[in-house]
Amino acid sequence: MYAERVKILNPYVPGEQPKDRVYIKLNANENPYPPSPKVREALQNFDYSQLRRYPDPDATELRGAFASIVKVSPDMVYAGNGSDEILSFIFYTFFDGKLPVVLPVHTYSFYPVYASYYNIALHKVPLEEDFSISIDKLLKPESCGIIFANPNAPTGRFMSLEKLHELLTRYDSDKPVVVDEAYIDFGGETAVPLLKEFHNLVIIRTFSKSYSFAGARLGFVIAASDVINTFITVKNSFNHFPIDSIVQKLGVAACEDYEYYEKINTEIAKTRDWFSKELGQLGYEVIPSKANFVFAKKSGLSGEEIYKEIKRKGILIRHFNHSGIENHVRISIGTREEMNRLLDAIKNISC
Ligand SMILES: *Cc1c(COP(=O)(O)O)cnc(C)c1O
């Protein structure tokens, strides 16, 4: 009864959302703060009668508002239902499966899901000892494109713009380099200025983390305008009304309160740096992070043990059972109070 292609599917496993008790949730890199008060106002003022109309298929106002915060022209950005949808279109637009797509072995785990969905070969290259991404290793195999997150997930490590510039300089200028900047607002430096020099650079953003919009589903792609036009052709061949009219309005309101987000994301970065130190003092090895999470391990404890002990104490963190990082846990940064509760729980792990 099912198509052949369904048999090979390998779906993504999101962070768990158990209902058995109330947990402190530090497992999905969600923002601990609510969206801007301007977003609440926009939601309250939304004219429900407009729901009978189709939304603007190109989310023109939203596109303009986002373009102005990233300081590019509106024809260089496009919006999608979360960056996961954008990524799906990216895989479809650029990668054809003849040569593999190169990516670090540990990066966002949705990339392999799309590769298998579209039947695209992958070539995974190891990370360096300190979990940074080696550009030599990314460049070595023959490939049809490169994709990774910067800061990377789940390590939190940031690749400097200098290194990214070197990568782009040494790579074929007609093959895409896709940089997923899901966590860029927590202290990294965006690659947007490099778009002037590199036509093959494609940048992905999401509002889920730094704009407290995970439930609203909003993401963007930033690239040269002709790349965006091709991207639109792909999108319109699949679903030409992606962003609903409520989220279009809320997204505009969020873009208009950039100061609010700067404030909460700076606070998260401060909490992260403080928490990383505290965790270090408890004997944990913490990878320096520029994201809203930290990746850490403690010798003598497996990642699964840490995860399970912490869960018993009512706090959810993330453990990946992937070879090479199985002893690490990924901890999203919440409020100071939540992180203090977590530190207490960690201190009480018996080992
Ligand atoms: C969370 C995340 C996404 C997905 O974001 P959505 O906009 O919620 O789909 C994409 N890439 C990375 C690296 C992420 O961590």
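The values are calculated or read from the model by the stated rules, or taken from the named source; none is laboratory data. Since this is a predicted model, take the numbers as computed values, not measurements. Methodologically, a virtual Cβ is constructed for each residue, glycine included, from the backbone with ideal geometry; neighbour enumeration extends over all protein chains shown. All accessible areas refer to the heavy atoms of the entire protein, side chains included, with ligands and DNA or RNA removed. Shrake-Rupley method; radii C 1.70, N 1.55, O 1.52, S 1.80 Å.
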- Task: Scan segment 45-61 and give yes if some residue there is crowded, with 21+ Cβ neighbours inside 10 Å and closer than 16 Å to Val192 by Cα, otherwise no.
- Result: no
- Task: Tell me which of these Tyr2 doesn't satisfy, since it passes every other one: (1) touching a helix residue (DSSP H, G or I) at 6+ places or on another chain (Cβ under 6 Å); (2) among the hydroxyl-bearing types (Ser, Thr, Tyr); (3) open to solvent by 30 Å² or more (accessible area, probe 1.4 Å).
- Result: (1)
- Item | Residue satisfying condition, being basic (Lys, Arg), within 16 Å of the ligand (Cβ to nearest atom) and open to solvent by 10 Å² or more (accessible area, probe 1.4 Å), within set Lys263, Lys209 | Lys209
- Item | From the options Val252, Val227, Val221, residue that is of a type in the set (A, V, I, L, M), under 25 Å from Thr107 (Cα atoms) and more than 16 Å from the ligand (Cβ to nearest atom) | Val227
- Which of the residues that make up segment 125-144 are more than 16 Å from the ligand (Cβ to nearest atom) and within 19 Å of the chain's Cα centre (by Cα)? Ser132
- Would you call Tyr33 open to solvent by less than 90 Å² (accessible area, probe 1.4 Å), at pLDDT below 95 and not charged (D, E, K, R)? no
- Query: What pairs can you find where one residue is in segment 155-183 and over 23 Å from Ser208 (Cα atoms), the other is of a type in the set (A, V, I, L, M, F, W, C) and open to solvent by 30 Å² or more (accessible area, probe 1.4 Å), and their Cβ atoms are less than 9 Å apart, with a gap of 6+ or different chains?
  - Reply: Leu167/Leu139; Arg170/Leu139; Tyr171/Leu139; Lys175/Phe94; Lys175/Leu99; Pro176/Phe94
- Query: Inside segment 29-145, counting only strands (runs of 3 or more DSSP E) that do not spill past its ends, which hold 3 or more residues that are free of Cβ contacts under 8 Å to residues at least 40 places away in the same chain?
  - Reply: 122-125
- Residues in segment 19-28 that are farther than 21 Å from Arg217 by Cα and either of a type in the set (A, V, I, L, M, F, W, C) or in contact (Cβ under 8 Å) with a residue 40 or more places away in the chain (or both) total 4
- Query: Condition test on Ile86, is it open to solvent by less than 80 Å² (accessible area, probe 1.4 Å), away from the ligand (no atom under 14 Å from the Cβ) and closer than 17 Å to Lys209 by Cα?
  - Reply: no
- Query: Of the residues that make up segment 20-38, is at least one touching a strand residue (DSSP E or B) at 6+ places or on another chain (Cβ under 9 Å) and among the basic types (Lys, Arg)?
  - Reply: yes
- Item | Selection status of Asn327, open to solvent by 20 Å² or more (accessible area, probe 1.4 Å), in contact with a helix residue (DSSP H, G or I) (Cβ under 6 Å, 6 or more places away or on another chain) and without any contact (Cβ under 8 Å) to a residue 60 or more places away in the chain | yes
- Could you grab the pairs with beta carbons closer than 6 Å, sequence gap of 6+ or different chains, first residue in segment 206-219 and over 12 Å from Ala253 (Cβ atoms) and of a type in the set (S, T, N, Q), second one part of a loop (DSSP other than H, G, I, E, B) and within 6 Å of the ligand (Cβ to nearest atom)? Thr206/Ala182; Ser208/Ala214
- Message: Yes or no: segment 151-163 includes at least one residue that is surrounded by fewer than 17 Cβ atoms within 10 Å (Cβ to Cβ) and over 26 Å from Ala269 (Cβ atoms).
- Response: no
- Item | Residue in segment 266-284 that is within 30 Å of Phe207 (Cβ to Cβ), open to solvent by 20 Å² or more (accessible area, probe 1.4 Å) and in a loop (DSSP other than H, G, I, E, B) present | no
- Output the number of the condition that Thr190 fails; it satisfies all remaining conditions of (1) open to solvent by 10 Å² or more (accessible area, probe 1.4 Å); (2) of a type in the set (Ser, Thr, Tyr); (3) within 30 Å of Thr335 (Cβ to Cβ); (4) away from the ligand (no atom under 16 Å from the Cβ). (4)
- Note on the structure: Among Ser173, Ser225, Ser210, the single one that is farther than 23 Å from Pro74 by Cα and of a type in the set (S, T, N, Q) is Ser173
- Counting only residues that are within 16 Å of the ligand (Cβ to nearest atom) and among the hydroxyl-bearing types (Ser, Thr, Tyr), which one in segment 93-124 is least open to solvent (accessible area, probe 1.4 Å)? Tyr111
